[in-house]
1. Would you list, by chain and number, the lysines whose Cα falls below 28 Å from the Cα of K287, excluding same-chain residues fewer than 8 positions away?
2. For the chain, report the accessible area per residue in Å² (1.4 Å probe, heavy atoms, rounded to an integer).
3. Is the stretch 261-356 best put as rounded, prolate or oblate by its Cα gyration tensor, with a ≥ b ≥ c the root eigenvalues, rounded for a/c under 1.5, and otherwise prolate when a/b is larger than b/c, oblate when not?
4. Would you mind checking the radius of gyration and Dmax of the chain based on alpha-carbon positions, in Å?
5. Treating only the Cβ of Lys, Arg, Asp and Glu as charged (+1, +1, -1, -1), what charge dipole size does the chain show about its Cα centre? Round to the nearest 20 debye.
6. Is the stretch 605-690 best put as rounded, prolate or oblate by its Cα gyration tensor, with a ≥ b ≥ c the root eigenvalues, rounded for a/c under 1.5, and otherwise prolate when a/b is larger than b/c, oblate when not?
7. Tell me the carbon and sulfur percent of the accessible area for the chain, rounded to whole percent, probe radius 1.4 Å.
8. Mind ranking 525-537, 578-590 by how tightly packed they are, going by the mean number of other C-beta atoms within 10 angstrom, highest first?
Amino acid sequence: MMLSNLQNSLRQRLYLPFHFFSNPRQSSSVIYIRNQHNCNNISNVYSIPDDIFTSSPQSLSNFLLQCSQSKSLSPGLQVHAHVTKIGLLEDSTIRNHLVTLYSKCVVFGYARKVIDESSQPDLVAWSSLISGYAQNGFSREALLAFCEMHLLGLKCNEFTFPSALKACSVKKDLVKGRQIHGIVVVTGFENDVFVANTLVVMYAKCGEILDSRRLFDWIPQRNVVSWNALFACYTQGDFCGEAMDLFQDMVRSGIRPDEFSLSIILNACTSLGNIGQGKKTHGYLVKLGYSSDPYSANALLDMYAKVGHFDDAIAVFDHIAVRDIVSWNAVIAGCVLHEYHHKGLQLLKNMINSGTVPNMFTFSSALKACAALGLQLLGRQLHAKLLKMDLKHDLFVTAGLIDMYCKCGLTKNARVIYDLMPDKDLVALNALICGYSQNGGESQVLSLFSDMHKEAMGFNEATLLAVLNSAASSQVISISEQIHALSEKAGYLSDIYVTNSLIDSYGKCNQLEYATRIFEESRIGDLASFTSLITAYAQHGKGEDALKLFVKMQELELKPDSFVCSSLLNACASLSAYEQGKQIHAHIVKFGFVSDVFAGNSLVNMYAKCGSIDDAACAFAEVSHRGIVSWSSMIGGLAQHGHGKEAIHLFSEMLKDGISPNHVTLASVLCACNHAGLVNEAKKYFETMEDLFGIEPTQEHYACMIDILGRAGKLDEAMDLVNKMPFEANGSVWGALLGAARIHKNVEVAQRAADMLFVIEPEKSGTHALLANVYASAGLWDDVAKIRRRMKDSKVKKEPGMSWIEVKDKVHTFIVGDRNHSRSKEIYAKLKELIILMRKAGYVPAVETDIHNVGQGEKELLLSYHSEKLAVAFGLIVTPPGAPIRVKKNLRICVDCHTSFKFISRIVSRELIIRDINRFHHFKDGLCSCGDYW
C-alpha cells in the first residue's frame, strides 16, 4: 500500500499534458510546448521528410535517435504522435528514444508521461530520465526518480549510478551518496571505472577528501578520467599542492595526461603561484599536442598572467587562434592584477575592435584600472556602457563602480550608485566605506557604519578595518572602543589585520595603555603590530618604550621595514638619543632603505634634533627625491642650531629647485631669522608670505615674528603686531611677548602678557616662573613673593628643571641638586673642580637671575647645581677625552649655565651641545653658536 502511494505521488510530479496540432503529417510544422522550464538550445522549428510517417519501426527509431542527438524537439513530438496513433509506443527502443529526447530537451513532463504510460518501462528509459535531471541541475528530481526506479525493482547499471551520484555531488547530499554507494557495492559495480570515478567526485564534493582518496586508491584499473576526477576535487578544495603531487604520480604510473588533466594542473599552479611547475605543464601541452586546445590555452594564459610572467602571457595570447571572452578576460585581468593598467585598457580597446563583446568580468577589470589611474572620464564612459548593457544591478559590477568613483575622488557619485542599489550587499558597502575613509570622509564612514549596524546588514574584517582607520584619523576614542567590543563579540580579534588596526587606532587616539594591552594579549608579534605600537610610542613621547619594543622585535628576528626605522628615528630625535639613532641608521643601511624618502627625512630630523647638524647635512645630501618634508627638516635643523644665514640660503635653493614652501617651512625660516637676529629679513618673509606663496600667517608665524621683534628690543612693534592680528592671540603669542619682556626687564609688558596667559593657560607654571624672574631682576621681591603665593593657592606646581645625557645606550636623568645618581660624589667633585678653574678664568656667577630671596652665597650654591651642569660634569667623567657631550634640557637654559658652559668648553677643550626647549647651543672654545642671542 505504501509502495503504491509513493509511486502515485512520484508519478504526479512534473506531469504535463501533450498539445499537438491536429495534422501530425505536416512537412514543416511549428509546435509550441507548455513547460515550466525554459530551454534555449532546442529546435522548435524543424523540417522532416514526408515519408517518415510511412517508414518502418526501425527507421522511426533511428530518426528519434537523430532527434535526441540534435535536441530537435518538434519533429520528435510529431513522430511521438504518429507512433501513438499506430500503436508502436510499446516498442521499447522507440519509447526509450522518446524519453531520451524529452530529457535532453528538458521537457520532463513528457518524459515522465512516456514512462508512466508504459506497461513495462525498462532501465534505459529510467536511466535517460535520471541523466537528464542530473545534467540539467534538477538534482532533487534525479534522486527521487532513482528512488522510485529502485523501489520498482529495476536493477541499476553503470550508466544509472553516475547520474545519481552526480546529483548527490551537486546537492552535497552525503547521506544519499553513501546509500547509493551501498547499492553499488551490493550490485557489484564498485570496480567499474566510471562508477568509481563518480564516487570519488561525490565524496570529494561532499567534503570527504580522505574517503575520496581511499576510493581512488581502490580503483583497480584507473584511467585518465579517474586521475582527472581527483585532480579537480583537490584543486577545487584548495589542495593544489596535493593535486600537483598526484599529477606527478600519474605521469610516473604511465598514464598519459589529456587536455583536461593539464588544464586542471595549470589552475593549481596558478593558485600556488608555482611558475616552475607551470612551465613544466606548458611543456607537456606542447609535447602532447594540446597547445591549440582552447581550454588549455586559456588556463595557460591565466597562469602566466596571474603569476606575473606577463611576456609569456602575451606570447600565449598571441598564439591563440580564436580568442574567446575567457582569453581576453584572462589577459586583461592579469594586466590589472600586476598594475599594468594602461596595457589592460589598451587590450580592452583591442578586444572591442575585434568584435568580442565585454562581459561583467571584463568591465570589473577595466573599472579597477580606471580606479588605479584616476581616470574619471573613462570610468564614466564604462558606467554608461554598463547602463546600456543592463548590467547596472550586477552586484560585482556595482561594487567596482563604487570603488572606481571613490578612488577618483567622486564619493558623491559613489554614494548615488550605492543608494540606487535595490539589494545592497556587504561588498558594495565596504567599497563605499573604504572610499570615504581614503578621501577624508571620516564622519560619513562612522555614520554609514552606524546605519548599517542598525539595519543588521552584517560586517566583516574589511568593514572593521575601514571604520578603525577613520576612528584613528579623527581620533574618536569611543568608536575605537565600540569596534573593539564588536570585534571581540564577533570573534575577529583573532584576525591579524583587525588586531593591528586596533593597536594603530588606540595609538593614534593616545590610548597607549589599551594599545599595549591588545599587543600583548594578541601574541601575534608580526611586523605590522610592532610598527603600529612603536609608531604610537614615538608620536606620544614614549621614545624609550619604542626603543625597548624594537629590541624585543630584534629578538624575534623580525626584519624591520622603512616605516619602523622612521618611527624609531623619531623616537631617538625626541630623546636626543644620538648613539641609538646611529644604530638605527646602521640598520637602514644594512636593509637597503638608504634611498627610502621617509627614512631619509627621518634621518635628517633625528641628527638635527640630536645635536649633529653635520650628520643631518650628510643625510640630507643622500636623500634622492627631496620633497617639502626633506627641505623643511633641514631648514628647521639649521635654524635650531643657530645657523640662520645657512637656513635662509637653503630656503633660496629650495625655491630654485621648484619646491613650494608650506606653513612649516616658513615657520622654520622665521625661526632661523629669530635665532640669528635677522629682524629685517624676518619682516620681509612675514609680510610677503601670502602674496608670494599663498600662505596666510598662522598663530605660529605671528608668535615667531613677535618673538623676533621682542628679542630685538622692539617691544612696541611687537605689541602693535599683537593688536593687529586677525584672530585672538593664543598662548604661544603671549608667551613670546613675556619671554621678550623678561630679556629686556620690561615689567609692564610682562604683567600684561602674564595676565593673558593666566586666563588662557592657567595650569602652566612657566608663566609664573618667567614673571617672577622679571620681578626678581627688577628687585621687586614683594611681587616675587606674591607670585609664589599665587602658585601655592592655585596649586600650580613649578615644572622642575631636568636634563638628560645618553651614555652607551643608557639615558641618565638629572634634576637640580640631584644626589641620587650612583656616581654623585664624583659628579659633585668634578663640579667643584670646574668652578675653581672657571673662577680663575674670570667666571662670575649670574646671581641676579636667581629668583630665590636668599643671600648671595646660597644663590651661588643653587646655581652651581643646576641639572644641566650635573649632566655635563657626568659626561666629562664617563666619556673619552675630546668626545663631544650632548645634553638635553626640558626648560630654557639659564644665563648662568650658558656663561658657565662657555668657560668649561675652553677649559676642557670639548664641544658641549645643549638642547633646551627652544634651540641648540654649541659651546666650543669659549663661544656659543647662538652668539649669546637666545
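1. K279, K306
2. Result: 47 Å² of accessible area for each residue.
3. Verdict is oblate for the stretch 261-356.
4. When restricted to Cα atoms, the chain yields Rg and Dmax of 42.4, 140 Å.
5. 700 debye
6. It is oblate, given that a/c is not under 1.5 and a/b is not larger than b/c.
7. Carbon and sulfur: 53 percent of the exposed surface of the chain.
8. 525-537, 578-590
The values are calculated or read from the model by the stated rules, or taken from the named source; none is laboratory data. Values in this document were obtained by computation on a predicted structure and should not be read as measured data. Cβ sites come from the backbone with ideal geometry, for glycine too, and all protein chains shown count toward neighbours. Accessible surface areas use protein heavy atoms only, side chains included; no ligands, DNA or RNA. Shrake-Rupley method; radii C 1.70, N 1.55, O 1.52, S 1.80 Å.
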